[in-house]
Every structure is written in structure tokens, then in C-alpha cells.
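What follows is a single structure, written as C-alpha cells, with notes after it.
Read the figures in this text as sums done on the coordinates, not as results from a lab. Everything quoted here is computed from the prediction, not taken from an experiment. Cβ placement follows ideal geometry from the backbone for every residue including glycine, while neighbour counts extend to all protein chains displayed.
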Amino acid sequence: MYKKRDMYGGRLIMGPLWDFNLAFGNADYCDASLTPGFGTDCGTGPFYWDRLLSDTIYQNLLNCRWNELRKGSLHLDTISDYIDSVASYLDEAKDRNFAKWPVLGNYVWPNYYIGNTYQEEIDYLKSWITNRINWMDTNMPGNDNSCDAKESLQVTITEINYHSDTTNDSGDWFELYNYSSTDVDMSNWIIKDYGGFNSYTIPFGTIIKAGDYLVVCQDTTKFQVQYDTIKNFLGPFNWGLGNGGDDILIFNKYSQPVISTRFDDGNGWPSEPDGGGYTLELSNSDSSLNNFSNWFTGCKGGSPGEEYFPCDTTTSQLIINGDIVIYPNPTNSTISFQYKLISSGNIILKIHDVIGKLVAQSLEESKTAGTYTVTWDASKLKSGLYFYSISSNSDYIYRGKFVKR
């Protein structure tokens with residue numbers, strides 16, 4: 001156990017774990033090879049564990065956290081995939097290892113299981129972990145009856161760009177969204193990857209206002225080249241998101257886990273974001289981040305730092321130069337859209353509401369290069385937030401939002 005610095009909350013942290021060489025059924029004494037049960041020590045152990053485990057509130061919180069992790073990083077499929085990835089990485093090295101130390105099929109103290117091949121050892125490890133976790137599922141102290149009732153943080157990951165295409169490489173990034181009615185101070189929050197080997201600390205003073213977005217970038221230079229109008233971003237973090245799937249783990253300043261997801265490019269997850277120039281988009285802000293059915297393929301190039309807006313997934317040629325000027329915004333009557341074309345095109349203006357329903361659309365007009373203003377009557381709209389897009393030849397090329405009072 002150790003204590004965090006006061007600037008990081010001053011909390012007590014349990015760990016680090018040790019004796020990995022005797023874990024996962026790898027010891028043949030004191031019933032260490034068995035998957036059921038908890039090990040005990042006749043000596044005087046740390047008093048605080050007994051005190052915590054006798055507390056009903058702690059037991060229930062522990063149970064809730066266990067069940068939450070079982071949906072993501074501790075899901076049996078996730079663990080199995082990780083074991084396979086490490087075994088694949090060590091494939092050549094393991095041959096050199098066993099050529100130097102030919103221990104396969106031989107007893108080496110204190111091993112319980114003796115595999116004749118490396119694959120048998122891998123299979124035993126997977127089997128032991130599966131049986132152990134299944135036992136823990138049914139014997140975890142406490143209950144999860146109050147998990148859904150506990151106060152939850154209303155900040156989530158809404159978009160992930162983990163594998164850009166080669167022509168529009170913005171680096172890896174993901175988008176955070178505060179869907180609560182209050183601002184959230186993210187000072188000294190920590191972002192980690194799978195296994196926690198890499199970490200990035202969000203700078204002091206970082207606040208996501210209610211209803212706002214924040215993009216966390218691996219490479220801020222690449223990001224700015226592709227999205228020069230987006231200002232609500234930070235970084236860089238010093239690792240890349242895995243092209244074949246990865247974890248994003250976010251902890252608050254007290255080192256408490258608050259957001260976690262493990263995305264993939266298969267097993268039901270959309271595959272288009274894997275190098276195709278598209279991003280992963282979350283369907284609803286309060287959806288589970290670890291359920292592939294809650295994610296869909298976003299727009300070409302994504303929509304970092306802003307609300308997702310329905311778009312065509314075809315490649316378009318940018319013909320608008322600079323930002324579109326809209327005024328007045330907010331509006332209670334008419335609203336004007338001023339834009340500048342640098343080449344000819346057939347222009348259509350569309351207005352959608354917050355659920356993506358088309359509420360207005362202009363006639364398609366052929367325009368030559370030049371500056372144009374479109375004025376539209378918004379007086380019949382209900383009060384609220386709306387999204388506009390201007391498209392050329394059926395490809396969306398610019399989008400934004402306005403407020404109707």
C-alpha cells in the first residue's frame with residue numbers, strides 16, 4: 001500500500017501486486033493450483049483488508065466494480081485475445097528459450113502442471129483463468145443491486161479514431177463528451193492504455209463545460225493539419241491506439257476508474273474505421289462503451305470536437321474556402337449562411353434536428369466560384385439546437401450548428 005501525492009488526491013493505493021511467478025495455478029503447494037477458494041495466511045496480514053471486507057458498503061462497491069470490469073478488460077474473450085497476442089509476439093523467442101533450456105515435459109519446481117508443448121501450457125493458462133473467474137463470479141462478496149442507482153459521471157467517449165487512412169492522417173485521437181448539466185473539472189485525470197503501461201495526465205485547469213466536447217490527441221501537429229478549425233483539443237499522449245483494437249482507461253485525480261472501453265476491428269465491431277478514413281461513433285451518450293452494438297461507422301474524416309451529424313460516407317472534394325458565416329446565432333426568425341466557393345458545384349443546404357430528422361432542405365442550385373449568402377426562415381422551428389450542412393454533388397462538405405430561441 002502507498003499514498004498518492006496530495007496534488008493527486010492523497011488517497012491510499014493498494015499495490016503493487018507481486019509473486020506473479022506463483023500465480024495462475026503455477027504452484028503445487030498450499031492448494032495454490034486450485035481455482036476455487038481464497039488463500040489465507042496464518043501470519044498477521046494487513047488489518048485493513050479484514051476491516052474493508054467486513055463493510056457492507058465496500059462489499060457492494062467491490063461487486064459493482066468487478067461486474068463492470070467483467071464486461072470489458074476482464075471479459076474472458078478479452079483475456080484470451082491478450083494471451084494469444086503475447087504468445088504470438090513471443091513465438092520466435094520461445095523457440096530460442098526452449099532450445100537453451102529444454103524444460104517442456106519436465107517438472108520444474110514448483111510448477112503444478114507439466115505441459116509437453118508450449119501450446120499445452122497456453123491452453124492450461126486459459127483454462128485455469130476461466131475456471132478461476134467463473135468461481136469469482138459466483139463468490140464475490142456483496143451484491144450489485146445498487147450499481148445502477150449509484151451516482152455516475154456523465155462524461156463519456158463518443159468518438160474514436162484509431163487508424164487513419166494514409167491520405168488524411170490525423171494521428172490517433174478520441175473524443176470526450178460531457179452530457180451533464182454541470183461543468184466537469186478533469187484536472188490531473190489520467191488516461192492509460194491496455195495494461196496501464198502508458199499514461200497521460202490531463203493538464204491542471206482542464207474543464208469540459210456542460211454539453212461540450214474535448215478531443216485527446218496522440219499527435220497534436222497531425223491533428224491540427226487536418227482540423228485547423230478545431231480548438232478544443234489537448235495532448236499529445238505518447239502511444240498509439242492499436243489498429244486491431246485497444247483499451248482506453250480513464251481515472252480521476254484520485255486514481256479511481258471512471259471511464260473504460262475496449263474497442264475492436266472485428267467480433268461485431270465496425271471494420272471501416274480500421275484504416276478506411278472513418279471513425280467509431282457512439283450511438284447514445286449513456287450507452288455502454290463495451291458493447292459493439294452501441295457503436296457505428298462515422299463520417300469520412302470524423303467529427304472531432306463537435307456533435308455527430310448524419311453524413312454521406314463518400315469522398316468529397318472540398319470546394320468551400322474557410323468557415324461558413326452564420327448570423328444571427330442564436331436566432332428567433334431568419335438566419336443567413338454565407339459561404340465562399342473556390343470551384344463550381346451543385347449546392348444543397350439541409351437542416352436537421354438533434355435526433356437527425358431532416359426538417360428543411362433547399363433546392364439544388366448550380367453555383368460558380370464566388371461568395372454567396374442563403375437566408376432561411378427559421379421562425380416555425382421549435383426552440384432548441386439544430387444542425388446544418390452544405391453539400392456539393394451529394395457529398396457533405398461542411399456542417400455546423402445553430403440555436404433557435
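Points to keep in mind about this one:
- ³J(HN,Hα) computed for each position of the stretch 282-296 - Karplus, 6.51 cos²θ - 1.76 cosθ + 1.60, integer Hz, glycine/proline x: 7, 6, 9, 4, 9, 7, 5, 7, 9, 9, 4, 5, 8, 10, 9
- Only beta bridges with both residues in the chain are counted; by DSSP, about 95 percent of them are antiparallel.
- Over the chain, Cα pairs under 8 Å with separation of 6+ residues give a relative contact order of 11 percent.
- Among 186-194, 361-369, 116-124, the order from most to least packed when residues are scored by Cβ within 10 Å on average: 186-194, 116-124, 361-369
- Dividing the mean sequence gap of close Cα pairs (under 8 Å, 6+ apart) by how many residues the stretch 2-139 holds gives a relative contact order of 29 percent.
- Calculated [θ] (222 nm, deg cm²/dmol) that DSSP helices of n ≥ 4 give over the chain, each run adding -39,500 (n - 2.57): -6000 deg cm²/dmol
- Residues whose placed amide H lies under 5 Å from that of Phe233, excluding near-sequence neighbours: Val215
- Debye-sum result for the stretch 155-300 in log10 I(q)/I(0), which assumes one identical scatterer on each alpha carbon, at q = 0.09, 0.11 Å⁻¹: -0.25, -0.37
- Antiparallel DSSP beta bridges within the stretch 155-300, as percent of all bridges there, nearest 5: 95 percent
- Amide H contacts under 5 Å for Asn198, placed H, 5+ residues apart: Asp193
- Total lysine pairs under 26 Å (Cα atoms) in the stretch 155-300, excluding pairs fewer than 8 apart on one chain: 11
- Values (i) 25.3, 102; (ii) 21.5, 63; (iii) 26.5, 86 are given for comparison; Rg and Dmax of the Cα atoms in Å, derived from the coordinates here, is the one labelled (iii).
- Axis of helix 91-100 versus longest Cα principal axis of the chain: the two differ by about 20°, to the nearest ten degrees.
- Converting phi to 3J(HN,Hα) with the Karplus coefficients 6.51, -1.76 and 1.60 and the offset θ = phi - 60°, the stretch 221-228 yields 5, 4, 5, 5, 4, 7, 10, 6 Hz in sequence order, with x at every glycine or proline.
- Straight Cα distances below 19 angstrom link Lys367 to the lysines Lys340, Lys350, with same-chain residues fewer than 8 positions distant left out.
- Table column - 3J(HN,Hα) (Hz), the stretch 60-77, Karplus curve with 6.51, -1.76, 1.60, x for Gly and Pro: 5, 5, 4, 5, 4, 5, 4, 5, 5, 5, 5, 7, x, 5, 9, 5, 4, 5
- Normalising the average separation of contacting C-alpha pairs (under 8 angstrom, six or more residues apart) by the number of residues puts the relative contact order of the stretch 327-375 at 43 percent.
- Equivalent ellipsoid semi-axes, the stretch 325-404, via Cα gyration tensor eigenvalues times 5, rooted, Å: 22, 14, 10
- Using a Gaussian network model of the chain in which every pair of alpha carbons under 10 angstrom is joined by a spring, one finds that among Pro304, Pro203, Pro102 the greatest mean-square fluctuation is at Pro102.
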